[in-house]
Every structure is written in structure tokens, then in C-alpha cells.
Amino acid sequence: MEAENQSTVIEFILLGLTDDLNLQLWLFQFFSLVYMTTLAGNILLIVAVRTDHRLHNSMYLFLASLSFLDICYTSIIVPKMLLNIVLSTKTISYTGCVLQVYFYLFMGETECILLAFMAYDRYVAICNPLHYNVIMNTVSCVRMIAVAWTAGGSIASMDIYFMSQLRFCGPITINHFFCEAHSLLQASCGDIYVNNIVTLVGGSILLLIPLCLILFSYIQIVLVVMKLPSGRYKAFSTCISHLIVVTIFYGTAIFMYMRPRYSDTDVTDKMVSVFYTIVTPMLNPLIYSLRNKDVQKALGQLGRCCHVCGKYNNWMTTAE
């Protein structure tokens, strides 16, 4: 009977953020602008790190990896959401929903680990500067990034295994704008107590372990910096951008996944989801760019190169 119930599920109905058509039009314009800004900002940051020799070190390699992660993260959700608004449909296939949950968890869990490695990078740079180039060489940095992606994918696979045990009956309505894990659990017609416990415990462990590593790194940084006779602000300034990103990411993630929830998704949950799945990936490159002179110089140089190339193409077109 369980297999029969599961086999009848072909697609899910996403209720979205609102039923107001006028508001949906405004949301389409807003999210389209945010998405294009996210793509542009993160792609520019990746290209700047790749082309500028001043940014060829572990800190910026981590930053480029974070930008690529943010592009993937937001692209899992926003295009489908915009397509549903344009086509006035609210459906997503069963396979599409499962894949969306998997990659959403994959990218989120990878970012948790990556942010911890970025904190460790700042710890080595400030607390052990003489051995920084030895400890945080390119090979070590690439290995850390590979570990983050591998661990994120593996943990997400285990999460999806438990999701695959859910039983769905008849038309399935998901009270969200994408296939979010908790909302999918609430859409199940079976007992989800075990799934809720697994999600709460697993999410807590995954968030707390990297967060503890981040806190330990910054406690050590503070202890070392406070002993410096001068240059304290300069030492801290290399950490401020990362601290802002960590605070935003972990603050919203802890709110969503480290509290027991046995009721349906509410408006607050949806707003928080909008912030960490759509707005935060746009803010990350801005946060790092506004406080980093090396990144600003690299982006400025990239802009000048694009301007020169544009003038050259115009000249060639005119000559022809």
C-alpha cells in the first residue's frame, strides 16, 4: 500500500509566497533583478580572482569557491520560482522536487563547512603568519575545498535517503515557494516524527561543529590581536567581511533548522528562506568587495579591460 501511494505522486503544488497577482508581478521583477545581480556579482568576483595575480592565494581561492557555491545555491531555486510566476503554474514534478531538495541541502551543507575553513585560513594568517604560505598553500586549500564539497554531498545524500522513506497520498500541496525540507515533511501523509528528529539532530550537528570551529578560530584571533601593540584594526579588518557573512548565514540557518517545528510553514519561515536562499548570495560578493581594497582594484582593472575591449570591438565594426 505504501509503494502504491508513493507511485501515485507525479507532481507537487507549490503555494508560493502569495496569491495576489499584482504582488506576484512585483515579486517577479524584484527577484529577477536580485538574481541577475547575484550572477553578475559572483561571476565578476570569480573572474577577478582568476585573472589578478594579487588574488592568487588561499583566502581568495576560498572566496571564489564561495561565489561559485552561491551561484549554484540560488540557481537551484530562483529560475523555477520565476518560471512558475510567469506561466501562472505552481507545480513541480516529483523528481524535480527531490532534486531541488538534494542540491539545496548539498549547497547549504557545503557552505557550512567552507565557512569554517575560511575562518581557519584567517586564524593561520593572523596567529601563525610566518608559516601561512606553508600551511595554507594552494594544494592544501584545494583539498579543503574538495573536502567541503564531498562532505556536503555525502551528508545531503543521507538526508535524501530519509526523505525517500516518506509516504505521500493524493495531490500534494507544499506551503512554500520551493521544495524546502521541512515543508516537504509537512506534506507527507505518514508519521514524520522520526524524520523531524533526524532533521533537527543532523542539522544541529552540521551547524554546531563548523560554528564551534569558527568561534574557536576567532577567539584565538582576538587573543593574539589584543596583544599587538599596534595594527589591531588592520588585523581585524581582514576578518570583518567573513564575520558578517557567517553571522547572516548561521543566524538564519539556526533559526530554520535548530528549533523543533511541528506546525506548517508560516510567513516568517518563508521570509527567512527568501533572505538566506536569494538575498544572501547577492550580498556576499558585495560584502567582500566593499571592505577589500585588493578585490576593488581587481574589479576596477577588470572593468577597464572590458571597456578597452568594447572600444576595440566598436572600432573593428566601424572599420568593416
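The values are calculated or read from the model by the stated rules, or taken from the named source; none is laboratory data. Owing to the predicted nature of the structure, the values given are computational and were not obtained by experimental measurement. No Cβ is skipped: glycine too gets one built from the backbone with ideal geometry, and neighbour counts run over all protein chains shown.
In this structure, Cys72 does not satisfy being over 15 Å from the mean Cα position of the chain (by Cα), closer than 30 Å to Phe162 by Cβ and part of a helix (DSSP H, G or I).
Taken over the stretch 95-147, residues that are touching a Pro at 6+ places or on another chain (Cβ under 7 Å) and under 27 Å from Ser164 (Cβ atoms) amount to 2.
When you look at Leu61, is it of a type outside the set (Asp, Glu), in a helix (DSSP H, G or I) and at pLDDT 90 or above, yes or no?
Working: of a type outside the set (Asp, Glu): yes; in a helix (DSSP H, G or I): yes; at pLDDT 90 or above: yes.
Here the answer is yes, as Leu61 does meet what is asked.
Residues considered: Val147, Val101, Val124. Of these, the only one that is in a helix (DSSP H, G or I), without any contact (Cβ under 8 Å) to a residue 24 or more places away in the chain and either hydrophobic (A, V, I, L, M, F, W, C) or under 30 Å from Phe31 (Cβ atoms) (or both) is Val124. For the stretch 172-181, a residue qualifies if it is over 20 Å from Pro79 (Cβ atoms) and modelled with pLDDT of 80 or more, and the qualifying residues are Thr173, Asn175.
Anything in the stretch 206-224 that is closer than 14 Å to Met256 by Cα and surrounded by fewer than 18 Cβ atoms within 10 Å (Cβ to Cβ)? List them, or say none.
The answer is Leu208, and nothing else.
If you go through the stretch 155-180 and keep only what is within 19 Å of the chain's Cα centre (by Cα), surrounded by fewer than 20 Cβ atoms within 10 Å (Cβ to Cβ) and of a type outside the set (Val, Ile, Thr), you end up with just Ser157.
Residue-by-condition table, conditions (1) out of contact with any Lys or Arg (no Cβ under 8 Å at 6 or more places or on another chain); (2) under 30 Å from Cys141 (Cβ atoms):
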{"residue": "Leu14", "(1), (2)": "no, no"}
{"residue": "Gly41", "(1), (2)": "yes, yes"}
{"residue": "Thr51", "(1), (2)": "yes, yes"}
{"residue": "His56", "(1), (2)": "yes, yes"}
{"residue": "Ala64", "(1), (2)": "no, yes"}
{"residue": "Ile77", "(1), (2)": "yes, yes"}
{"residue": "Leu87", "(1), (2)": "yes, no"}
{"residue": "Val98", "(1), (2)": "yes, no"}
{"residue": "Met107", "(1), (2)": "yes, yes"}
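With respect to (1) in contact with a Gly (Cβ under 8 Å, 6 or more places away or on another chain); (2) part of a helix (DSSP H, G or I); (3) closer than 22 Å to Thr280 by Cα; (4) of a type outside the set (A, V, I, L, M), the lone exception for Phe177 is condition (2). Screening the candidates Ile248, Ile254 for the property of being touching a helix residue (DSSP H, G or I) at 6+ places or on another chain (Cβ under 7 Å), at pLDDT below 85 and surrounded by 14 or more Cβ atoms within 10 Å (Cβ to Cβ) yields one hit, Ile254.
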